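The values are calculated or read from the model by the stated rules, or taken from the named source; none is laboratory data. For clarity, every value in this text was computed on a predicted model and none was experimentally measured. Every residue, glycine as well, gets a Cβ built from its backbone with ideal geometry; the counts of neighbours run over all protein chains shown.
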Amino acid sequence: MCLAIPSKIIQINEETNSVVVDTMGAQREASLNMLTDPVSIGDYVLIHVGFAIRKLDEKSAQESLDLYQQILNQDEI
Amino acid sequence: MKSERITLKQIIEGFRNPETVRALSKEINREAEKLQREVNIMEVCGGHTHIIAKYGLTQLIPENIKFIHGPGCPVCIMPKERIDHAVILAEKSDVILVTLGDMMRVPGSQRSLQESRSHGADVRFVYSPLETLKIAKENADKKVIFFAIGFETTTPMTASLIQEVGKKNITNLLFHINHVTVPEPMEAVLQTEGSKIDAFIGPSHVSVIAGAKIYKPIVDKYKIPVVISGFEPVDVMQSTLMIVKQFNEDRRDLEIQYTRGVTFEGNIKAQEMIKEVFDIAEKFRWRGIGDIPNSSLKLKEKYDNLNAEKIYHLPHESIEDHKSCRCGDILTGKALPVECKVFGKACTPDRPMGACMVSEEGACAAYYRYGRGLTNQKVLT
């Protein structure tokens with residue numbers, strides 16, 4: 001129920017305050033009514049029942065993945 | 001050198017990587033050896049229950065750590081009398097009842113919405129609440145009733161729809177509100193007699209909207225760790241590790257594992273939309289748990305003209321579950337699905353007796369579907 005899928009913005013419609021996003025190959029429209037941060041094409045957003053609820057923090061995602069790489073490297077030693 | 005942007009595929013696959021899950025499992029096992037006690041972790045959100053079952057994560061944690069499956073599935077906790085409301089409204093000849101797909105198969109005291117539809121009721125399931133606007137416009141001669149369900153994640157979308165109704169001057173769209181909140185049932189399960197919960201894995205997207213701040217009073221009052229976790233198996237394993245480390249370091253803190261999505265303050269705009277449209281209701285009867293004060297929302301009085309519960313006469317008597325169904329014990333962490341007599345026998349996803357078997361996120365449905373992943377889970381009672 002509370003799923004939110006990371007998706008990529010591929011089109012912005014300022015008139016309707018909405019975007020078209022690509023979610024693992026499927027395209028759909030999403031409202032920007034709930035976002036205050038400005039978004040650009042190529043940004044990643046979390047989509048829940050037709051609304052972008054948050055811009056994905058790419059830096060944090062990268063930091064988490066870097067940490068896992070360290071854990072994996074230690075694991076191999 | 002131009003720094004390359006991380007791709008969405010790398011992010012998604014990175015948090016599902018089975019090698020990382022295994023490495024974190026080893027780390028959890030190492031840390032758990034130092035534990036002086038058993039640690040029971042309740043994952044509050046039904047989405048996490050589903051992930052734990054789907055990826056067999058209970059097999060990857062040691063004996064002294066247990067997952068207890070919490071009440072965070074809005075379909076599972078909906079009492080029968082409110083499902084009956086949806087059915088009663090749907091079966092009125094001038095009504096189109098609109099809701100999210102999760103509600104479709106939930107049995108009320110007489111039947112489910114799906115069964116009502118097969119008997120001729122006009123029930124429609126939408127992906128986004130905003131689609132309801134179009135249905136209302138195209139059916140001006142009908143009353144369109146949006147049966148709103150969900151936790152903090154989904155509440156602002158209903159608020160947005162209600163605001164649009166005002167702006168667009170639509171007069172045939174009404175609302176039946178069943179929005180519930182997460183911190184109050186967390187506190188209720190902690191206060192349940194015999195509660196065995198030592199820590200919480202906090203929900204992902206409820207927290208994106210409401211912020212980590214909503215759990216701070218619980219952490220402070222009960223001195224219990226809450227770690228807000230992302231939705232992928234790597235997220236859940238890392239969150240489990242963070243909880244075990246808290247016990248080893250004698251800490252009881254609020255931490256965010258899901259840093260790519262959650263901040264302390266959350267989505268302020270969404271929170272303001274909720275406040276504009278809703279007040280906190282005095283109480284809500286949670287299926288299997290009972291009345292929990294201040295755990296749900298109701299429309300503000302200024303929206304009485306949109307409030308289906310005030311416009312239609314609907315029965316409010318409580319309707320209990322079948323006495324063999326242990327959904328209540330399961331939702332409060334007192335029993336596992338396999339400890340229920342009717343699990344997998346009289347109660348299956350095709351013929352559910354209780355709501356925990358209905359939704360994909362219900363603990364019973366997850367156990368039924370992914371039983372292989374849960375065989376190592378220890379019996380609680």
### Message
Taking the conditions exactly as written (outside any loop (DSSP other than H, G, I, E, B), buried (at least 20 other Cβ atoms within 10 Å of the Cβ) and out of contact with any Cys (no Cβ under 7 Å at 6 or more places or on another chain)), does B:I201 satisfy them or not?
### Response
yes
### Task
Pick out the one residue from B:S359, B:S295 that is surrounded by 18 or more Cβ atoms within 10 Å (Cβ to Cβ) and part of a strand (DSSP E or B).
B:S295
### Query
In the stretch A:39-50, what residues are at the interface with chain B (Cβ under 9 Å from one of its Cβ atoms) and β-branched (V, I, T)?
A:V49
### Message
Here is a list: A:D22, A:D37. Which entry is in contact with a helix residue (DSSP H, G or I) (Cβ under 9 Å, 6 or more places away or on another chain), in contact (Cβ under 8 Å) with a residue 12 or more places away in the chain, surrounded by fewer than 20 Cβ atoms within 10 Å (Cβ to Cβ) and within 26 Å of B:S229 (Cα to Cα)?
### Response
A:D22
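Could you tell me whether any residue of the stretch B:233-245 is under 30 Å from B:I12 (Cα atoms), β-branched (V, I, T) and surrounded by fewer than 22 Cβ atoms within 10 Å (Cβ to Cβ)? It would help to see each step written out before you state the result.
The initial filter retains those residues of the stretch B:233-245 that are under 30 Å from B:I12 (Cα atoms), namely B:233-245.
Still in the list and also β-branched (V, I, T): B:234, B:236, B:240, B:243-244.
Applying the additional criterion that residues be surrounded by fewer than 22 Cβ atoms within 10 Å (Cβ to Cβ) yields none.
There is no residue in the stretch B:233-245 that is under 30 Å from B:I12 (Cα atoms), β-branched (V, I, T) and surrounded by fewer than 22 Cβ atoms within 10 Å (Cβ to Cβ).
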### Summary
If we ask which residues in the stretch B:27-56 are of a type in the set (S, T, Y) and more than 22 Å from B:I224 (Cα to Cα), their number turns out to be 1
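Yes or no, residue by residue, for (1) crowded, with 18+ Cβ neighbours inside 10 Å; (2) at pLDDT below 95:
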{"position": "B:G47", "(1), (2)": "yes, yes"}
{"position": "B:K54", "(1), (2)": "no, yes"}
{"position": "B:Q59", "(1), (2)": "no, yes"}
{"position": "B:I77", "(1), (2)": "yes, yes"}
{"position": "B:K80", "(1), (2)": "yes, yes"}
{"position": "B:H85", "(1), (2)": "yes, no"}
{"position": "B:K92", "(1), (2)": "no, no"}
{"position": "B:V98", "(1), (2)": "yes, no"}
{"position": "B:Q114", "(1), (2)": "no, yes"}
### Task
Scan (1) over 23 Å from B:L241 (Cβ atoms); (2) modelled with pLDDT of 95 or more; (3) surrounded by 14 or more Cβ atoms within 10 Å (Cβ to Cβ) for the single condition A:N13 breaks and write down its number.
(3)
### Task
Look at B:K378 and say whether it is modelled with pLDDT of 85 or more and over 21 Å from the mean Cα position of the chain (by Cα).
no
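Condition (residue is facing another protein chain (nearest Cβ under 9 Å), over 18 Å from B:V262 (Cα atoms) and either modelled with pLDDT of 95 or more or part of a loop (DSSP other than H, G, I, E, B) (or both)) applied to the stretch A:51-65: is it met by at least one residue?
Checked against the condition, which is being facing another protein chain (nearest Cβ under 9 Å), over 18 Å from B:V262 (Cα atoms) and either modelled with pLDDT of 95 or more or part of a loop (DSSP other than H, G, I, E, B) (or both), the stretch A:51-65 yields no hits at all.
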### Summary
Exactly one of B:E63, B:E27 is in contact (Cβ under 8 Å) with a residue 24 or more places away in the chain, on the phi < 0 side of the Ramachandran plot and surrounded by fewer than 17 Cβ atoms within 10 Å (Cβ to Cβ), and that residue is B:E63
### Query
Is there any pair with a first residue in the stretch B:208-220 that is away from chain A (no Cβ under 14 Å) and a second that is at pLDDT below 95 and surrounded by 14 or more Cβ atoms within 10 Å (Cβ to Cβ) whose Cβ atoms are under 8 Å apart and which are 6 or more apart or on different chains, and what are they?
B:I218/B:L190
### Residue match in the stretch B:333-342 (condition: modelled with pLDDT under 85, more than 14 Å from chain A (Cβ to nearest Cβ) and surrounded by 13 or more Cβ atoms within 10 Å (Cβ to Cβ))
yes
### Summary
When the stretch B:204-225 is checked residue by residue, the ones that are out of contact with any helix residue (DSSP H, G or I) (no Cβ under 9 Å at 6 or more places or on another chain) and surrounded by fewer than 20 Cβ atoms within 10 Å (Cβ to Cβ) are B:K213, B:K216, B:V219, B:D220, B:K223
### Task
Of the conditions (1) under 28 Å from B:M78 (Cβ atoms); (2) in contact with a helix residue (DSSP H, G or I) (Cβ under 9 Å, 6 or more places away or on another chain), B:E282 clears all except one; give me its number.
(2)
